[in-house]
Each structure stands twice: as C-alpha cells, then as structure tokens.
Amino acid sequence: CSVDQYPFERTWRSQMQWTLTAPCLTAILLAVLPAGTNSCGSNDDCRTTCLAAGGGADCSQAWCNIGFGRCDCREEAVMTTLGTCQAGRAHAYQCEQPAFSATWTLALVTCPEITFEDIAAGTVSDQLMTLLELGTVAGTRAEISQVWIWEAYLKKENVTADASVPAALMTFDMGFKFCAHGANPTGNNFEYDFTTEVSRYAAFHMSSMLLMHFDPLGTTTKSPLKAPSPGPYLGGYETLDTESDANNGIDLWAFLLILLAAVLLVVLIAYAAWTWRRRRRMKVAVTLDETEPPKEEPTEEQRVLAHVASPFSPTDVEDDKVFQESCLELSEGDVVEVVAGGGGWFYGRILVNSSDDSQGSQRV
C-alpha cells in the first residue's frame, strides 16, 4: 500500500495473534511484576521519592495523581520508573516534511499519559508526545533537538477498556510520522531502541508493544517490519519478508498439528511397547508351565528280606560282651530285614519270629 494511505493495515495473523495474546501477557506482567515505587498518598511522597532517586530540581514537578494512585509529573514532563521527572520537547530543528512513518499496536493499563478518553478521541497528550520523542531519539540515535514528531494519533476503533476503572487494560493502535536530522534508521533497530527507551518510564513499564510498519516516506521502497510474535519486548528482533508473511499463519497451524501428531505418535509407540512386553511375559509364563516335567509319584521303598535257614545265638560269638549284646538271636524259619552289610556281618532286624509267627525283635 502507499505510505499516504491509512497506516493500520495488518495481516490477519498479526492482528489475531496480538488481539488474543497481548492482553493476556500484559495481565500476567501486572500480576507477576512488582508494582514499583510510584504509588503515593500525597505530593510529598512523590517529591521524596524523586529526590531519593536523584531527580534534583525537576522533582518540583512531581505530584500525586490520586485518580491513578501513582506519582505523576506536571506539564510535558514524564515520570520514570525510578520516580523522577524527565522533561522533553526541546526543539531546535524542524524538518519541512516527515521522513519516516511508524505504526504500533499496544496493550497497557490506563495511566495519566494515556487515558481511555485519549484513545476514544484519538488524540495524543503532551506527556505521550514527550514519550514518543524520547523513544524516537533513542530509535534514531539522534539528539532530541534534531527530532520532530508529525501527526501522532491513536486509533479509536477496537478499544477494549472499562472507562469506570482507572487501571483498566487497554489494547489500541498508535501511529506517527517523524524526521531526525542526519539519521537513517532501519525498522529493526528503531523498534529495539524505541521500546527499550520507553520501558524506562512508568507509562510503558508494564506493557506490550508491537511495531507493525516502519516506512520511509518519499520513496517507493517499503520496509514494513513484522514481529515474529506479539508480546512484551524482551530484546532482539527479526525481520520477515512480506512475501512469506501471508504463509506464516498457515505455518503456525502446521507446526502445531505436527507437534500434536508427534506427541500422539510417541504415546502410541509407548503403548505398543508396553503391550508387547506384557504379552511376552505372559507367553514365557505359559511356556514354563508347559515344559515343567511331571512330578514322579513316590515309589515304595525296596526292602531286602532274608529267611533264616540255620539258627544263630550271640553266645557263639567269641568277642566281648558289648558286641554280643548287639547281636540278634535267630531261629530257623525267622524272617529278617537286611539293612546293611560289611566285614562279613549283616545288619538288620527280625520281622517274623518262627516261634510265634509274630513280629520279632526290632534290634539291630
């Protein structure tokens, strides 16, 4: 598009991502980051804080803005995160026409520098103009006396805020043109230096900023800058080609689908591995049961029995009395069980006594 046309022409991807994520990110910052030292209850609190931070004579401009519950600076001066007042708007140079155009989209809470009424009216306050000049000085690396801001305005469409709440979260667009004597910045460097500088001030301390377009004016060459992802500025930058920007939304969804498919694949592989191991353990258990040898039935103990053909008396043994007492007296016809043998002797017991056909002595 031509640089003379309305500058807020964003791709559907950038607009949708920013609309969905910027308020959430800013709300997270508000909940996580400390509120800082700019809260106050009286003008003396603000002046004391300013003097303690080394604000010097400019601390006379500090006062307590009860409506927003924090310290503020009078006239065009702006409050820093340290509690000091920073003056600006010291012009010694005015260019004949703007050289660059910058288009931003922001998410922040209402503050003295940017109110809901300012956004609804599309106007820029004197304090916000000072902040734009300070950020542009850093972005172009020029002197503040060599920078001039043109046609700064806020976009009043799609304003999301509750006017009855002083610290309501707002998302809106902002655009301005500028010139800086002797400076020729690029979109990447301008965004980095601009956001780094304005984050030092209370108005942008907890905010999300995205540079949508950075266009040199007076030429046919366009250099729109598309941020890789909207959110609070954390340093670094990246330039994407305008030809590939239209496909970035599709690439994002494709990446998410691929990631989801990869997760599902990992889950399926893990489940298959678990199932395979479980079946293998069951198969091994069944195999062991089938190959276990059958238990042998206990067999009756084999016994050696002898029928006495000749009688025997212990007195026939010519040994000592102790040995004679260990011998059995046998009669013809007795049945004995032989347990062991050795040295010409058998060891056992009488099972059947021929004299009474009953079980005989159990001595061995």
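The values are calculated or read from the model by the stated rules, or taken from the named source; none is laboratory data. Given the structure is predicted, the values throughout are model-derived calculations rather than measurements. We place every Cβ from the backbone using ideal geometry, glycine too, and count neighbours over all the protein chains shown. SASA here: full protein model, heavy atoms, side chains in, ligands and nucleic acids out. Shrake-Rupley method; radii C 1.70, N 1.55, O 1.52, S 1.80 Å.
Applying the criterion of being in contact with a strand residue (DSSP E or B) (Cβ under 7 Å, 6 or more places away or on another chain) and part of a helix (DSSP H, G or I) to the residues of the range 178-202, the residue that is nearest to Val137 (Cα to Cα) is Phe190. Scoring Cys50 on the criteria (1) within 19 Å of Leu128 (Cα to Cα); (2) modelled with pLDDT of 90 or more; (3) of a type in the set (A, V, I, L, M, F, W, C); (4) open to solvent by less than 40 Å² (accessible area, probe 1.4 Å) leaves a single failure, condition (1). Filtering the range 174-208 to residues that are at pLDDT 90 or above and aliphatic (A, V, I, L, M) leaves Met174, Val198, Ala202, Ala203.
Every residue, every condition in (1) out of contact with any Leu (no Cβ under 9 Å at 6 or more places or on another chain); (2) surrounded by 10 or more Cβ atoms within 10 Å (Cβ to Cβ); (3) of a type outside the set (D, E, K, R); (4) modelled with pLDDT of 85 or more, yes or no:
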site: Tyr271; (1), (2), (3), (4): yes, yes, yes, yes
site: Arg280; (1), (2), (3), (4): yes, yes, no, no
site: Ser310; (1), (2), (3), (4): no, no, yes, no
site: Thr315; (1), (2), (3), (4): yes, no, yes, no
site: Asp319; (1), (2), (3), (4): yes, yes, no, no
site: Leu328; (1), (2), (3), (4): yes, yes, yes, no
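Taking first residues from the range 41-59 that are touching a residue at least 40 places away in the same chain (Cβ under 8 Å) and partners that are open to solvent by less than 60 Å² (accessible area, probe 1.4 Å), no Cβ contact under 9 Å between residues at least 6 apart in sequence or on separate chains turns up.
Scanning for something in contact with a Lys or Arg (Cβ under 8 Å, 6 or more places away or on another chain), over 20 Å from Ser208 (Cβ atoms), surrounded by 19 or more Cβ atoms within 10 Å (Cβ to Cβ) and at pLDDT below 95, does the range 163-173 turn up at least one residue? The answer is no, given that none of the residues of the range 163-173 is in contact with a Lys or Arg (Cβ under 8 Å, 6 or more places away or on another chain), over 20 Å from Ser208 (Cβ atoms), surrounded by 19 or more Cβ atoms within 10 Å (Cβ to Cβ) and at pLDDT below 95.
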